[in-house]
Structure formats: structure tokens, C-alpha cells
Number of protein chains: 2
Amino acid sequence: MSVRKRDHLIAVAQRMFCETGFHAVSVDAIIDEAGVARMTLYKNFGSKEELIVETLRREDTMFRQWLVSAIEAHSSRSEDRILALFKAMHDRFATEGYCGCAFIRASIEYPAPNHVVHRAAREHKNMVRSYLRGLAAEVEGADPVALSEQLYLLFEGAITASQLHGDPWPAEYARQAAEKLLAAASLAPQPAAKRTKVHRAT
Amino acid sequence: MSVRKRDHLIAVAQRMFCETGFHAVSVDAIIDEAGVARMTLYKNFGSKEELIVETLRREDTMFRQWLVSAIEAHSSRSEDRILALFKAMHDRFATEGYCGCAFIRASIEYPAPNHVVHRAAREHKNMVRSYLRGLAAEVEGADPVALSEQLYLLFEGAITASQLHGDPWPAEYARQAAEKLLAAASLAPQPAAKRTKVHRAT
DNA sequence: AAACAGGTATACCGAGTAGTATATTTTTAA
DNA sequence: TTAAAAATATACTACTCGGTATACCTGTTT
């Protein structure tokens, strides 16, 4: 059954890439761990690079599911949903086997902006940004662009810091900071004419 | 002149590692670019790994100088100094040839927490955190630990996001967020007994 | 039974990897 | 000037890398 071997390969590669890195994990190591023949990998995916892209696609799907389950099970107040996200991040960071964000890793290991892997990472992060923008748009009195981008920076910072320091504490501080940003937004709604200038997104 | 070749090798390797990655840059590529013989590298540094550690040492030195010049030339008010840091980050991100944080890259390419390269990255980041803590301690009415860690997350988030999106805009949003965190701290100084619990640093 | 498809095993390719050995030349300092 | 130190070129080891070629096996579907 082709599709099962294929999915298994993607799942195994996803875990290994995330644990050790894209460059550091060889095709040989993947087929060993997956228990399949070398040619099975190259018939299902033309190259290691294509396999990497497939693992990112799977990671993106799984992340969306996590995102929805982390947020939409909670109160319908956007402020509470946003804070629930950071609480869920803390749990995620503390999970056994969690090893950082595959997309940040991908963007760093493939730094060329037009590389297909780097591009996949950027597109995933843009999805996250637009999701946050949707949440921020429902916060009373807030500039949704500014608020969502600031929350996004806390999000990225927490991921990077937790991986670097090997501890989930950054998620808790990110939640505290988000709380303050939300409080500031609802306490001091800015007149539309005085909004800080918006920068272009990339 | 030994020390000159040695320094030259470190400088060349530092740039190449930062542009392309530690795994992706080979010893051959480094000696080609530096214009030295293969054995010159292996006599000055026992291995590629030792060369990597030396480039991180140099990066740390240069970063400290940048940090001081970005902050201490400005007003002695801590709030202004903190905001000056994020303004300087924007300039830094926009600088031709800037290619992200070598320490974040190092921690990702060498994910094992006890690896000498990962450890060097973590120690550098802890230096940054304690520097921020010193600044936050001078902000009236703020919990210095909470404030400095929250600023640190904005710092890391801005670096990661700017590299990922290939644009300096995250620094500007980080500055805006820092502004709000500072305003919240000075407007609502919390009684010492009610402080949020402090997490252990790693 | 025959044809087909997916998987496997094995051997192979050329290129690249980090690192070493050695003998020779260049540079520096006494 | 001479002796020590540093840098050189060249060749080499042993291994790993991504990727390919090919022959064979196994299960399913007509």
C-alpha cells in the first residue's frame, strides 16, 4: 500500500528533521529509521528536498489543528482566546519530545529568501500572522495590525527563547506581555487618524 | 604573522557561517575564501568546531560593542535607552549584509543542549538578558524581572521574524510593544507582595 | 495464468566531507 | 647571517553524501 509507506516516511522524517536538523539528517538515516528501502523514498519523493517540503506541509496541517484546538475551545472573547494561545504554547513547550518550530529551523537552514524551503516557512508564518490579525480585529479599541504584529513577535520570541534555553518559561512571560498589550489597547483606543504608520508585510 | 592569519580566518568564517550556515559551509570553502592553506586552519584551530566557537566569541565581542554604542550614547533615562535599543535594531536589520543572529542559528544547528556550540549561544543570550535586567531595574515602578524578560522576548522575536520575512519591520513593532510595556509598568506599579511568580532562568 | 504495480536488495556513481602527513618554502627574530 | 617559527602545496585517508541503475520479489487485479 503505497500511501501508507509514503505517510510513514513523512512522519519519520518530520520527527528526525525537527530533532536534529535538515542538513544533519541524511537520507540513509531516514530510511534506516523508517525501515524502508532506499528506492521507496526516491520513488515517492524525487529528492530529499521534496521530502523536506512534504514534512513542512504535514507540520503546517498539524499546527493548524493545534492552533484551533488551543483557541476555539475557549471563551469567545478574543482577549481570552489570545491569552489561551500563550497558555497552550506553554503546554506545548513542556511536552516531551517538543523540539522547537520546524519553520524557524527551515528558514535558518535555508536562508536564501527564494529557496523553496525558506518560502514554505515564510508562508506558514504569514498564515499565523493573518490568524492573529483576525483575533486582534475583534479586540475593542485596538489597532488590529499593530496589535497582531506585536503579538506575533511575542509568539516568535517565545518559541525561539524556549528552544534556546530549553525551558517553557518564555511562554509564560509572553502571556504576561500579551495581557499588558491587550489592556493598553482597550484602555487607550487610538483615534483612526493618529494610527502609527503601517509597514508592508513580506 | 600568525595572529593576523588567525584573525582573518575567524572573520571570514564568521561571515560565511552567518550567510550560509555552519553545516552548509565546508572547511574547503573557508580556506578558499580566506586564501590560506588548509593546514593553516588546522594548526590555528584543531577542528571546524573550534573555529565555530571562535567565530561565536568574536560575534559576542562585536555584539557587546554594538549594544553599548546603541544604548549608552542616548539619554540616561532607562526608558529611552530601551527604546533606543529597538530603534538600533531596526537600523541593524536594514544594514546591507546583515544576515540574522549567529547565536540563534547556532542553537538551532546544534540543538543538543550540552553541545559546546549550543552552550555558547545560550551563554550569550543570558548575557543579553542580564543586560536588559539591569536596564529594567532602573525603570520606576516596574518588576525588573518580568519587564526584562518580556523585552527579551520582543528582542528575540524581532530578530527571528526579520530574518524569516527578510525585512526590518519587526523591529519597529517590537519598539511599539516595548513602549506599551514601559507605559504599563510606570502607570501601574505593582505592590511587591502581588508580583507574578518568577520562573527560573536557564 | 498473465500482466501490472509497488516494494526490496544490492551495488554503484561522482562528488564532497573533516582531518592528517610530509616535505618545502617563506617569514620572523636573535 | 642564521636558526626557529609559521605558512605553504600536495597528496592522502576513510568516510559520507544525494542520487541512480537494475534485477528481483510479492501481492493484486483482470
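Assorted remarks:
- Any hit, segment A:2-13, residues being without any contact (Cβ under 8 Å) to a residue 24 or more places away in the chain, in a helix (DSSP H, G or I) and either within 13 Å of chain B (Cβ to nearest Cβ) or closer than 29 Å to A:A171 by Cα (or both): yes
- Elements of type helices (runs of 4 or more DSSP H) in segment B:52-159, at least 1 residues being surrounded by fewer than 16 Cβ atoms within 10 Å (Cβ to Cβ): B:78-94, B:116-137
Per-residue answers, yes or no, for (1) within 26 Å of A:P111 (Cα to Cα); (2) more than 9 Å from chain A (Cβ to nearest Cβ); (3) of a type in the set (G, A, S):
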| site | (1), (2), (3) |
| --- | --- |
| B:R81 | no, yes, no |
| B:R92 | yes, yes, no |
| B:G100 | yes, no, yes |
| B:I104 | yes, no, no |
| B:A120 | yes, yes, yes |
| B:R133 | no, yes, no |
| B:P144 | no, yes, no |
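- Matching entry among B:V25, B:V36 (being modelled with pLDDT of 95 or more, touching a Lys or Arg at 6+ places or on another chain (Cβ under 7 Å), within 16 Å of DNA strand D (Cβ to nearest atom) and not in a helix (DSSP H, G or I)): B:V36
- Condition met for B:L181 (modelled with pLDDT of 95 or more and either under 18 Å from the mean Cα position of the chain (by Cα) or surrounded by fewer than 21 Cβ atoms within 10 Å (Cβ to Cβ) (or both)): no
The values are calculated or read from the model by the stated rules, or taken from the named source; none is laboratory data. Note that the coordinates shown come from a computational prediction; the quantities given were computed from them, not determined experimentally. Note that we place each Cβ from the backbone using ideal geometry, even for glycine, and neighbour counts take in every protein chain shown.
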